[in-house]
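Report on the following structure.
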Amino acid sequence: MMEKRGFWGMLASLAVSAVLAGELALLADTAAALAGRELSGKVFLALAGALLLALFFWKGKRWKRMLRTALGIPLALGLAAAIVLLCWSRFSRNAVYESPDDGKALLYGGQKVMLIVPHEDDEVNVLGGVTEEYVRYGSDVYVVFVTNGDYSIPAQTRMEEALASLRNAGVSSNHVIFLGYGDQWASDGPHLYNGGPGQVLTSHGGFTQVYGTPAHSAYREGRNYTAENLLADLQEVILEYRPEVIFCNDYDEASDHRAVSLAFEKVMGRILKQEADYRPRVYKGYAYSSAWLAAGDYFEENVPSTKNIYTTSQYGQETGIYRWEDRVRLPVRGDGLSRSLFSSSIFASMRCHASQRAWEHGENVVNGDKVFWRRDTNSLCYDARITVSSGDGERLNDFMLLENNAVADMKHKPYDGVWIPEETDTEKTARITLAEPSAVRYLVLYDHPDPEQNVKNVHITFSDGTALDTGALDPGGAATVIPLDKGWISWFSLALTEWEGEQAGLTEAEAFRQEPEPEKPLLKLMDAEGNFLYDFWTPSDGKAELQVYSVGVEPEDLELSWNNQSCQAEWNGSTLLLSCPEGDRCVLTVTGAEGAVSDKIVFRNPGAPERLLTAVFQRMEQLLLRNYPKLIPVRIALRYLRSQRLTA
């Protein structure tokens, strides 16, 4: 009898030691993850094994006490987790920004807008928060997905996720267009964008034809995967809807993103040459540099705006064709933001893309503004005849600032779209003859985007007998503006007279009859660092200095008002000085353009307990987002919940 009891006692001790060792190892894994480290599988098993042996030989005889401990740990942690979850849930619901602003109708209202992006989830990366504002103010928004996202996830899943995401943003499914092309291409061939004439290519998923889903077919179902069909479909969808405003991703990290950016600009160049009466407003922006892989800085007392992509992003753009100071800033929907990321409606759109685990990038993507660069489509050169002394003169008016003949080769630079005169050419001249004589207010020239290939001077001759020298062009390929204010001229010529590098040349030449149509009027209050404000917390002393971001509104015409006399606001030159007692709030309104444009923000000065609680819960959310892949218990729980949802 004694031996039998000893055997069962040892067995019970071993079992209890194993359970307790596993619990302690999981706690150690969680602590390591929260400290920014990750226990490998081998280390985790070794730790659990060591704890098992230690508990068995050290405390084995007291297995009943260990059993109580083993049962108590999950109960205590479960109770603590329930309390924290309850408190966090209440915090999260109440953390959504209060946003009384209604003064953006001229910016966002009454327009037909089209967004063109490569993948299902890029609609949030490129335009998340702005789409909602266009919808809110009554614009018609259309979203075009070029690929069906089937690289590793079924297309139907990706497309249904996109439809759900856009429903959350207020865009109906009949305004969502899937061109249905493959997500990346077979490794033994070129990217579709670089396919040869009539060459049918196979996507990474093994498909050769455009396809959608039974519920939502592709734009041109069943068309072969050829470069010509891709460009034709993109051109057709633009001309079918003829949007007044077009947003498209620019050239960044992924091959499909690069291809869509290039394909759009190629198609836009064709449209501008063929459709003299169609001149949409075109904006290019990044899905990676300013979103997916941007600075992870969401968790602040006030949500910051997009940081300079040239200094903060993990993957900067390949070239310098844009300058940060030339960006167009658009405010997002204020009540789509929150001090709890998990209650942000913009973040909710990201969570719809579960297959991409897009929510892990929430603190990168969701910002206080979205940034773009405008491409003016009114150049007189699209209708002009171009003759050159050598080289490919068609490069000068094709709307393309970049070109890449090998998109799939990530090392190949996008420098294939440059007019480069031959080395033996002594003239190095392009003559641009306008379709009809015209006044020319200014020219814009774009240098070779390779910073080692630079045009140091262009001698420009005009049909009226005058001439000028430009001096060095922007070496990164950004716009160099040459003011003219010319009367009627019928042609002008560009002669490269000084340069460095064997491939020096120009990517584009533009001529404009008048200044570009101004941006839609906008007023937006900013903090001292230039971040757009919505539901603004002052520093703890209740005092702050604000600035006004204004487009199309004269700063001296601004009117100021607020609804709580315990708070104060006054101008100090161009700076706005605020003061707010602790625990108080106020709605501050700045108005311009005779009341047609305004911005309203809430500013308040929360007490120390609210600030502390917010900081604690924000830190929790940040740790979860950044360390989710390392948290074994969380992974197990989420995997279980997903399986239950799928089998329900």
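Bear in mind that the values in this text are calculations on the coordinates, not laboratory data. On a predicted model such as this, the values are computed, not experimentally measured, just so you know. As a convention, Cβ positions derive from the backbone with ideal geometry for all residues, glycine included, and neighbour counts pool all protein chains shown.
Summary table below
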| item | result |
| --- | --- |
| Built amide H within the under 5 Å cut-off of ILE116, gap 5+ | VAL144, PHE247, CYS248, ASN249 |
| The stretch 463-560: trypsin sites (Lys or Arg not before Pro) in DSSP coil with no more than 16 other Cβ atoms inside 10 Å | ARG513 |
| Nearest-20 debye value, the chain charge dipole, Cβ charges on Lys, Arg, Asp, Glu | 4600 |
| Alpha-carbon spread of the stretch 546-589, three principal axes, descending order, Å | 35, 17, 13 |
| Estimated vicinal HN-Hα couplings, Hz - the stretch 548-563 in sequence order (Karplus 6.51, -1.76, 1.60; Gly, Pro = x) | 10, 8, 10, 10, x, 9, 6, x, 6, 8, 6, 10, 10, 8, 8, 10 |
| Chain lengthening between GLU515 and LEU77 when straightened (0.36 nm per residue, less Cα-Cα) | 151.1 nm |
| Read-out Rg/Rh (Cα atoms, Kirkwood Rh), derived from the coordinates shown; its label in [x] 1.03; [y] 1.06; [z] 1.00 | [y] |
| Hydrodynamic radius (Kirkwood) for the stretch 380-512, which is based on Cα pairs only, to one decimal in Å | 14.8 |
| Chain lengthening between VAL551 and SER173 when straightened (0.36 nm per residue, less Cα-Cα) | 132.8 nm |
| Cβ-Cβ FRET estimate between CYS87 and GLU325, R0 fixed at 56 Å, reported to 0.05 | 0.80 |
| FRET efficiency, 1/(1 + (r/R0)^6) with R0 25 Å, evaluated for LEU623 and ASN94 via beta carbons | 0.75 |
| For the stretch 83-89, Karplus couplings with θ = phi - 60° (6.51, -1.76, 1.60), whole Hz, Gly/Pro x | 5, 4, 4, 5, 5, 5, 4 |
| Which of LYS42, LYS266 has the fewest Cβ neighbours within 10 Å, and the rest in rising order | LYS42, LYS266 |
| Cross-link pairs LYS104/LYS520; LYS370/LYS524; LYS307/LYS413; LYS284/LYS600; LYS284/LYS486; LYS428/LYS456 - those with Cα-Cα distance over 18 Å | LYS307/LYS413; LYS284/LYS600; LYS284/LYS486 |
| Relative exposure of ILE489, ILE116, ILE601, judged by other C-beta atoms within 10 Å (fewest first) | ILE489, ILE601, ILE116 |
| Inter-label distance for MET410 and ASP383, nm, one decimal - labels placed 7 Å from Cα along Cα-to-Cβ | 4.5 |
| Within the stretch 380-512: Cβ-based charge dipole about Cα centre, in debye rounded to nearest 20 (Lys, Arg +1; Asp, Glu -1) | 360 |
| Sum of -39500 (n - 2.57) over DSSP H runs of 4+, divided by residues of the chain (222 nm, nearest 500) | -10000 deg cm²/dmol |
| Long-range tail of P(r) for the stretch 106-375 (Cα pairs > 28 Å, %) | 30 |
| Amide H partners (placed H, <5 Å) of SER338, local residues excluded | TYR97 |
| Cα-projected label distance for ALA50 with LEU560, points at 7 Å along beta-carbon direction, nm | 6.3 |
| Counting DSSP beta bridges with both ends in the chain, the antiparallel % (nearest 5) | 75 |
| Computed lengthening from ASP102 to ALA467, 0.36 nm per intervening residue step minus Cα-Cα distance | 126.4 nm |
| Amide H within-cut-off set for ALA439, under 5 Å, with H built and near neighbours excluded | ILE489 |
| Neighbour-count order for MET620, MET114, MET410, fewest beta carbons within 10 angstrom listed first | MET410, MET620, MET114 |
